[in-house]
Each structure stands twice: as C-alpha cells, then as structure tokens.
Amino acid sequence: MKILFVGPVFPLPAHSGGQVATFETLRSLQALCEIHLLVPPPEHDREANQAAFQRLLPNVRLHFYPTRLPRGLEMYAAAARAAVTGRSYWALSWKNRELRESVERLHAHEAFDVVHCEWFQPAVSLSGLDLPLVIRTYDVHFLVMQAWADNLPATSRLRRLYWRAQARRFRSFEAETLSSSKAVVAVSADDEAVLRSCGLQNIVTIPPPRALEPLDPDHGPAIGKPLALFIGRLDMAPNRLAFFVFADEVWPRVRQEVKGRVRVVFAGGFPDDDVRRRAVECGIEIHAPLTDADATRLFREADLFLSPVTSGTGIKVKTLDAMAHGKAMIGFQGAFRGVTAEHGLHAMIADTPADFARVFEQLIDDGPQRRALGAAARGLIRTSFDPAMLAGRLVEVYAGLLESRHVAGMHNP
C-alpha cells in the first residue's frame, strides 16, 4: 500500500506534541506501507535534522513544499476578505497553493492508494481535489479558536467580537472540509463526540502511538535537588498559559522550604520576554530553545513531570511522553484528555491550583510513590498506545478506503 503522508511541519526535532505524534506514527507504519512524506523543510539545522530523519526512518521517502504564512499586510487583507465574504479568516490564511500543486504533481506521478493529511491545516489546501483522502485531526479547531477569542483582554471588545465570529464561521468550514474526505481519524473520543455533533459520520478515534522509552538504570533516588520538569513549546498558547498558571497560581501555594530544595524547569520552544521575566521572578528555570540532547538529558534527570495544562482539545502527547519515560506526573484534567489515566494509580490529577501544590509537595518527598506512579504509567502506555496495535488500526482505515474504491469501480466501470 502506497501512502502520501502530508504534514504541516518537519517531524524532527520531536519536541512539540505534534512532531512527536507524527514521528511515532511514521515509525509504526514504515514496515507496513510504502510511505512518502511531504512536509516543509526543517525550521532549523536543516541538514542535521534531515540526516537524523533518514537515519531513524530509512524507508520513508522525503518530499518538501514551501510554507506560506500570511504576514504584514497579507494578514489584514485576509481579515478584510473574511469580513466582506462571510468566510473564515483561518480558512483563507491556511491555504497554500504550493502544497496543493505538490500533492497534485506527486499523486499524478505515484498514484498513491491513500493521501493521509496529518493535522487539519494542510487539508484546507487540498479541498476540491479528487483524492483518496484521510484526515487525522489533532484538534477541534473551532473550539481552540473560540477559547483563544474568549481569553482576549476585556478591553479589546471589538477584537473579541470579531474573533468569536470567526470561530463560529470556522465551525461550519471545519465540519464541511472533514466531511468531504473519505475518512476522518480523531485522536480522542472527546473530539470524536464533538465532531459527530457537528454532523460528521465518517470518523473513528485512533490515538497516536507511543513506544516505551528505555528505563535509565542509573537514575535512582535524586542526588541533590529533585527536578520537576515541563517540556513543551512555550511559544504555543496552551503551553504559555500552562506556565503562567503554574507560576501565578500553583507556585505561590508551595511552601518556601519546599521551593528551596527542588528545581523547576520549563523547557522548549521560543518563550517570549514575559515568560522569561516571570520565571526569573519565581526562581523557575527556562531551557529554550531545546536540542534533542537537551530534551533527552532533562527527561533522564527528571523526578517529576508537571503538566499544568488547562486548555486545548485533541490529546496531550507530552502526557504520553512522560508516561512512556516512566515519570510520575501531576496534571490538571486538561492534561489527560484522551488518556484514560486513573488518579492515584497512573498519575496525580489535580482539580485546583491548591490541589496541584499539595500533591507537588507530597511527591517531592515521596520517592517510592513517584516510582510506583511511573511504573503504572508505563503499563498504561504499553496496553493502550502500543505502536503495532495502533498502526494496524490505521492500516485498516486505509484498507477500508481502498475496498470502497474497488467496489465503486466495479459498479462504475
């Protein structure tokens, strides 16, 4: 089976949740299908990341298309067109003609059995093409857009009204675009339920796979200060918000004597000056940007993984990451969307910032409980996110699409 796998970002370095999910999916599929990957080139260290990709996934053929993001006057022009035409700003700004032409050219040459769109964004550019299209959507975008608009400052009343209207418009556009594909794959049952309420029928839930990480036999009880770690792109809105929730609502509730004997690190992405300034004020370390070696070292050294994430849809791949590493984890409910973690068994799930602070203090002082939580978390990953199992389910979706095309061909010779 020949698959064209289309994504919005190069999967390495795999620091964001989306990059991790894409890389793990490709790794699980490469022995089952002939895969061609079409993505933009790496944002940084192109040669090194491309060489690493070819070393790790030697059977995947790489193709590139140029990214296109509206800038400056283009953004205002797109906003004006949206206001005049009644269309969604994001539907207009996400279109990429070069991506569309690349897919048409590759499909004409290779005759792919399936065109798999990883994320909804690249699918916008393929609307109207006669393709054997499967869309795996990692978010319910209109809900993310609505939450973003609702969180704009109250003083920006007109901006809030405008972007709320854009989110409502995008809801219809998102549902229509997904419905036009041959199959849709959601990554959480919550997302599937929301999209079905919007009229989708051709949808199944298949979470991204996650292989277990080798345990570090040398990582015993913490020597020196225990390390509490968050890794995620701090320039992305949900992660930036998570930092401020921790810094402003959780950390002040932690006793001063506990603060003095623990390191807290937030790492990844490109945090802005407000994040860096607040971190200095709180005594929180910022490690960003992050190399693969940095991420590996931090995960190895971490005694506790933090996820003060309160917003977003889809599935929190960083939760899977922490569990696959066998790390004890504290998070709000939002950190476990799509993950059937049981409080007190697989992780500690906080309802309020005060709960988070209390459990933080408890786990910092309880190495045996941290290790028990980490072991149970690995067990959950092993049974629910097994790469071979989930790759098989995704291939079944591809095979069903092929079968329906074959039957349609018999009826319409």
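The values are calculated or read from the model by the stated rules, or taken from the named source; none is laboratory data. The model shown is predicted, which means the values in this text are computed figures rather than measured ones. Neighbour counts are summed over all protein chains in view; Cβ atoms, including those assigned to glycine, are modelled from backbone coordinates with ideal geometry.
Numbers at a glance
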{"item": "In the range 222-253, the residues that are crowded, with 16+ Cβ neighbours inside 10 Å and either free of Cβ contacts under 8 Å to residues at least 60 places away in the same chain or assigned to a strand (DSSP E or B) (or both)", "result": "227, 228, 229, 230, 231, 234, 235, 240, 247"}
{"item": "Any chance residue 327 is basic (Lys, Arg), at pLDDT 95 or above and either under 30 Å from residue 143 (Cβ atoms) or not assigned by TED's automatic domain parsing to the domain that holds residue 44 (or both)", "result": "yes"}
{"item": "Neighbours by Cβ (under 7 Å, 6+ apart or cross-chain): first from the range 381-395, under 16 Å from residue 205 (Cβ atoms) and touching a residue at least 12 places away in the same chain (Cβ under 8 Å); second exposed (fewer than 14 other Cβ atoms within 10 Å of the Cβ) and not basic (Lys, Arg)", "result": "384/340"}
{"item": "Checking residue 213 against (1) surrounded by fewer than 22 Cβ atoms within 10 Å (Cβ to Cβ); (2) touching a residue at least 40 places away in the same chain (Cβ under 8 Å); (3) touching a strand residue (DSSP E or B) at 6+ places or on another chain (Cβ under 9 Å), the condition it does not meet", "result": "(3)"}
{"item": "Some residue of the range 291-302 being touching a strand residue (DSSP E or B) at 6+ places or on another chain (Cβ under 9 Å) and assigned to a loop (DSSP other than H, G, I, E, B)", "result": "yes"}
{"item": "Any chance residue 100 is in a helix (DSSP H, G or I) and either at pLDDT 95 or above or farther than 30 Å from residue 211 by Cβ (or both)", "result": "yes"}
{"item": "Filter result (at pLDDT below 90 and among the hydroxyl-bearing types (Ser, Thr, Tyr)) within the range 161-181", "result": "162"}
{"item": "Scan of the range 307-317 for residues that are surrounded by fewer than 24 Cβ atoms within 10 Å (Cβ to Cβ) and in contact with a strand residue (DSSP E or B) (Cβ under 6 Å, 6 or more places away or on another chain), ordered by number", "result": "310"}
{"item": "Residue match in the range 54-72 (condition: under 23 Å from the mean Cα position of the chain (by Cα), in a helix (DSSP H, G or I) and at negative phi)", "result": "yes"}
{"item": "Residue match in the range 256-274 (condition: basic (Lys, Arg), outside any helix (DSSP H, G or I), loosely packed, with under 13 Cβ neighbours inside 10 Å and modelled with pLDDT of 95 or more)", "result": "no"}
{"item": "Close pairs (6 angstrom Cβ cut-off, 6 or more residues apart or separate chains): over 15 Å from residue 161 (Cα atoms) and in a helix (DSSP H, G or I) in the range 80-95, among the hydrophobic types (A, V, I, L, M, F, W, C) and modelled with pLDDT of 85 or more anywhere", "result": "81/92; 90/170; 91/173"}
{"item": "Residue 195, sole failed condition from (1) of a type outside the set (S, T, N, Q); (2) at pLDDT 95 or above; (3) assigned by TED's automatic domain parsing to the domain that holds residue 292", "result": "(3)"}
